[in-house]
1. In 10 Å bins starting at zero, report the fraction of Cα pairs in chain B per bin as a rounded %.
2. In segment B:10-108, what chymotrypsin sites (Phe, Trp or Tyr not before Pro) fall in a loop by DSSP, with at most 14 other Cβ atoms inside 10 Å?
3. Binned at 5 Å from 0, what are the whole-percent values of the Cα-Cα distance distribution for the protein assembly as shown, short to long?
4. With a 1.4 Å probe, how much accessible area is buried between chains A and B, both sides summed, in Å² to the nearest hundred?
5. Calculate the mean, over all residues of peptide B:47-56, of how many other protein chain Cβ atoms lie within 10 angstrom of the residue's Cβ.
6. Eight or more residues apart or on different chains, and alpha-carbon atoms under 22 Å: count the Lys pairs in segment A:1-95 matching that.
7. List the relative contact order of segment A:1-78 as a percent without decimals, with contacts defined as Cα pairs under 8 Å and 6+ residues apart.
8. Return the long-range amide H neighbours of A:K101 (sequence gap of 5 or more, or a different chain), with a cut-off of under 5 Å between placed amide H atoms.
Amino acid sequence: AQKITQTQPGMFVQEKEAVTLDCTYDTSDPSYGLFWYKQPSSGEMIFLIYQGSYDQQNATEGRYSLNFQKARKSANLVISASQLGDSAMYFCLAGGTSYGKLTFGQGTILTVHP
Amino acid sequence: DAGITQSPRHKVTETGTPVTLRCHQTENHRYMYWYRQDPGHGLRLIHYSYGVKDTDKGEVSDGYSVSRSKTEDFLLTLESATSSQTSVYFCAIRFGTEQETQYFGPGTRLLVL
């Protein structure tokens, strides 16, 4: 079983600044994956980034990076150079079973101010 | 585009009626999932499938059944809809074997009156 905790219901950031969205997880699986998805107001779920539990380096995808601290069980998302289009709900997820079952956090609403 | 569609996209129904939602994929992926999204809960897994006729329950499966008679279609049925099943329903497919990334359909908004 897995549990994801996102402690920030809402975050605000100025355009062009960096922002960190927090995520902690709890899992008994020896091997697992951590994901971040973005959900804009239009409702679709957009995959952003993935980190495997055995990956030695933090994952990066363009302006997105995942600050993975395994001992602390945290997988924070860092968005550099925020854009107005980054305003959305962001979900942290964990998956660790062979069937790919994912557990979602409750999400963080990010608002980017001009 | 992950080649995943959902139908209908919107539906209004009455309490006690059966409802079936369809998820269709075009790329022959083995794993498919149904989630519901409610305010304050993120997405929660209802059922999933790991092959034709192979399905299993998720964390909120009560009141739902699924069927997968062919690879491309995964059906979610509400046997007797209740107001508590008013939600947005997402289907997802799993890509690849290493990253386990799931790609989501556009969602179905269901209102049970």
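1. Result returned by the calculation: 15, 50, 29, 5, 0.
2. Values: sites: B:Y31, B:Y33, B:W34, B:Y35, B:Y48, B:Y50, B:Y64, B:F74, B:Y89, B:F90, B:F95, B:Y103, B:F104; in loops: B:Y31, B:F95.
Sites meeting the loop and neighbour criteria: none at all.
3. Calculated P(r), rounded to whole percents: 1, 7, 15, 18, 19, 16, 12, 7, 4, 1, 0.
4. Values: alone 6320 and 6250 Å², together 10810 Å².
Buried area between the two chains comes out at roughly 1800 Å².
5. Numbers: counts 0, 4, 1, 3, 0, 0, 0, 1, 0, 2.
If you average over the peptide's residues, the count of other-chain Cβ atoms is 1.
6. Details: A:K3/A:K38; A:K3/A:K70; A:K3/A:K73; A:K16/A:K38; A:K38/A:K73.
Lysine pairs, 8 or more places apart or on different chains, close enough: 5.
7. Details: 126 pairs, mean separation 22.3, N = 78.
Value for segment A:1-78: 29 percent.
8. Correct list: A:G96.
The values are calculated or read from the model by the stated rules, or taken from the named source; none is laboratory data. Just so it is clear, the model here is predicted, and its values are computed rather than measured. So basically every Cβ, Gly included, is an ideal-geometry build from the backbone, and we count neighbours across all protein chains shown. With ligands, DNA and RNA removed, areas are computed over all heavy atoms of the protein, side chains included. Shrake-Rupley method; radii C 1.70, N 1.55, O 1.52, S 1.80 Å.
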